[in-house]
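Undergrad: Structure below; questions to follow.
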Amino acid sequence: MPLSAVETAEIRAILVAHQNWLRRRGGKRADLSFRDLADVDLTRVTLTGAKLAGANLSGAKLATADLSQADLFGADLERADLTGANLSGADLRGANLHRAVLTDAVMRGADFRAGELVDDGSRAAEARTGGTTRLTEARMDRSILTGANFTGCDLSGADLNDADLTGAELGSAVLLGTDLTGATLEGANFGGTVIDQATLSRTYIPFVLPPNAVVAPSYAPMAADAFLAAVTAHEAWVEQQGRSGARLDLDLVKMPSGLDLVGRVLAAARLRRCRLPGARLAGADLQMADLSYAELEGADLRRADLRGVTLRRAVLRGAVLTGALAQPLPLAGGREWPANLDGADLSGADLRDTDFKRAVVRSATLGGAKLEGSGLTAEDAAPPHPPEPHERRRQKRFVRPAILVRSARGEHRARNWSIGGLCVQATDLPWKHGDLVDLRLSLAGQPEIAANAQVVVVHVNRGKEQVSVRFQNYRDELKTLLKTAFLEHQKLVG
């Protein structure tokens with residue numbers, strides 16, 4: 001529902017006051033916590049340090065917006081367009097970013113750990129840890145995520161092609177069906193990270209993983225009788241259009257091998273991240289069913305109705321799909337919903353005499369597949385061409401307050417600093433490009449505000465006697481120092 005004229009005027013006044021607050025010309029820090037801002041257009045808006053906890057921003061247009069250091073705790077950003085946005089240092093604990101578009105976004109040091117808002121009957125709900133942050137199926141191609149904290153975050157199905165995850169914390173994160181093609185993972189921390197074998201095999205990790213760094217997903221076993229009873233209830237739900245029965249909706253469940261589902265109705269069922277090895281689905285109705293990231297190795301899908309089905313990054317190695325229906329499903333208004341096999345593993349599958357010409361098959365694996373009569377070629381499964389590259393790593397730099405830098409060579413002064421790193425003024429430093437250096441940082445005049453930081457040298461200018469370094473990881477004390485420096489900067493400018 002669009003905002004009313006009164007609501008629009010109120011939001012505009014809050015944004016104007018926030019700009020004045022940022023410039024220290026009076027004004028007031030924006031507080032849009034718990035507001036319903038669904039589908040609102042905030043393209044290119046500056047909300048640095050704003051309060052947006054619990055806000056409903058589902059479907060919002062936030063492309064190239066500046067949300068650095070913003071409080072987005074528990075916010076709903078499902079399907080939001082954050083293309084090219086700056087979320088550096090933002091608090092996104094417990095946020096819902098399902099299918100959000102974060103292509104080319106800058107999220108250095110962002111916090112994606114678990115967190116939930118507890119309603120205490122007032123507008124200022126209590127924040128606490130607990131709710132998992134969801135980045136499921138989010139688009140984060142070429143995003144900058146250095147030092148981001150994804151502990152416990154669900155990244156299933158997310159696109160992280162060519163993303164920079166240097167020094168990111170991935171402990172206990174869920175990476176089922178996640179695309180990390182070309183991603184930079186130097187210094188990333190794994191520990192109890194849940195990764196399926198298909199994702200692990202196609203991901204380049206530039207170091208030896210320690211024991212227990214990666215664990216296989218845990219599937220809850222389900223007996224054949226219980227699953228078949230659920231299918232019967234689902235068929236009643238389909239036939240009665242939801243008036244009776246119950247929709248089949250399972251996640252991370254493992255069924256017995258070779259389950260007999262010949263001719264059964266599974267239209268619109270949800271079986272995401274489930275295991276159905278060798279399932280017998282010949283002639284089954286799978287229209288609009290969601291089997292994303294499911295394992296269907298060796299399944300029999302002959303003559304199955306796959307119109308509009310979602311098999312995104314599903315494992316279908318050695319499956320038989322001969323004679324299946326895979327054309328787009330006609331919808332009301334003349335629209336069509338194609339079958340989606342984006343990134344599916346169809347190695348050795350039999351696709352003969354099944355028309356896949358109008359299905360989504362980009363990035364699918366077709367090695368050894370039988371393609372006669374399918375209309376497919378290896379070129380059809382090639383990944384899409386990336387858009388033209390553009391500068392996206394530059395952070396806003398600050399001179400005040402000054403940050404003092406102590407290294408093994410003595411004390412230096414930062415010419416400028418940003419959420420991403422420092423430019424250190426110093427002579428006769430032995431550092432060279434790529435070196436990892438341990439530093440002690442403090443705010444000038446406030447020695448109690450200090451933090452240890454490990455940095456990587458990215459540029460050495462001997463002529464200007466300065467060295468540019470990038471933060472390698474973001475411990476809590478470094479985040480505190482940067483946040484304090486940022487708030488102090490706001491007091492000094494204007």
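Undergrad: May I ask you to verify whether HIS489 is of a type outside the set (Gly, Ala, Ser) and open to solvent by 30 Å² or more (accessible area, probe 1.4 Å)?
TA: Taking the combined requirement at face value, the residue does not satisfy it.
Undergrad: I need the full set of residues from the range 31-57 which are touching a residue at least 24 places away in the same chain (Cβ under 8 Å) and small (Gly, Ala, Ser), in order please.
TA: Those that are touching a residue at least 24 places away in the same chain (Cβ under 8 Å) and small (Gly, Ala, Ser): SER33, ALA38, GLY49, ALA50, ALA53, GLY54.
Undergrad: Let me ask something else about it. Sort out which residues of the range 219-246 are more than 21 Å from ALA314 (Cα to Cα) and in a loop (DSSP other than H, G, I, E, B), and write them in order of number.
TA: ALA223, GLN240, GLN241, GLY242, ARG243, SER244, GLY245, ALA246
Undergrad: Which number in (1) touching a helix residue (DSSP H, G or I) at 6+ places or on another chain (Cβ under 8 Å); (2) open to solvent by 50 Å² or more (accessible area, probe 1.4 Å); (3) closer than 26 Å to ALA324 by Cα marks the one condition that ALA216 misses?
TA: (3)
Undergrad: Here is a follow-up. I'd like to verify a number: residues in the range 132-152 that are closer than 16 Å to ASN189 by Cα and either within 9 Å of the chain's Cα centre (by Cα) or open to solvent by 10 Å² or more (accessible area, probe 1.4 Å) (or both), how many?
TA: Number of matching residues: 3.
Undergrad: Considering THR181, THR166, which residue is touching a residue at least 12 places away in the same chain (Cβ under 8 Å), among the hydroxyl-bearing types (Ser, Thr, Tyr) and within 26 Å of GLU295 (Cα to Cα)?
TA: THR181
Undergrad: While we're looking at this one, here's another question. From GLY308, GLY245, grab the single residue that is closer than 23 Å to ARG352 by Cα and of a type in the set (Gly, Ala, Ser).
TA: GLY308
Undergrad: Any residue in the range 455-473 that's in contact (Cβ under 8 Å) with a residue 24 or more places away in the chain: show its pairings with residues that are β-branched (Val, Ile, Thr) and open to solvent by 30 Å² or more (accessible area, probe 1.4 Å) at Cβ separation under 9 Å, as long as the two are six or more apart or on different chains.
TA: Short answer, once both residue conditions are applied: GLU465/THR427; GLN466/VAL460; VAL467/VAL458; VAL467/VAL460; SER468/VAL458; SER468/VAL460; VAL469/VAL458; ARG470/VAL458.
The values are calculated or read from the model by the stated rules, or taken from the named source; none is laboratory data. Given the structure is predicted, the values throughout are model-derived calculations rather than measurements. Please note: Cβ atoms are built from the backbone with ideal geometry, for glycine as well, and neighbour counts cover all protein chains shown. SASA here: full protein model, heavy atoms, side chains in, ligands and nucleic acids out. Shrake-Rupley method; radii C 1.70, N 1.55, O 1.52, S 1.80 Å.
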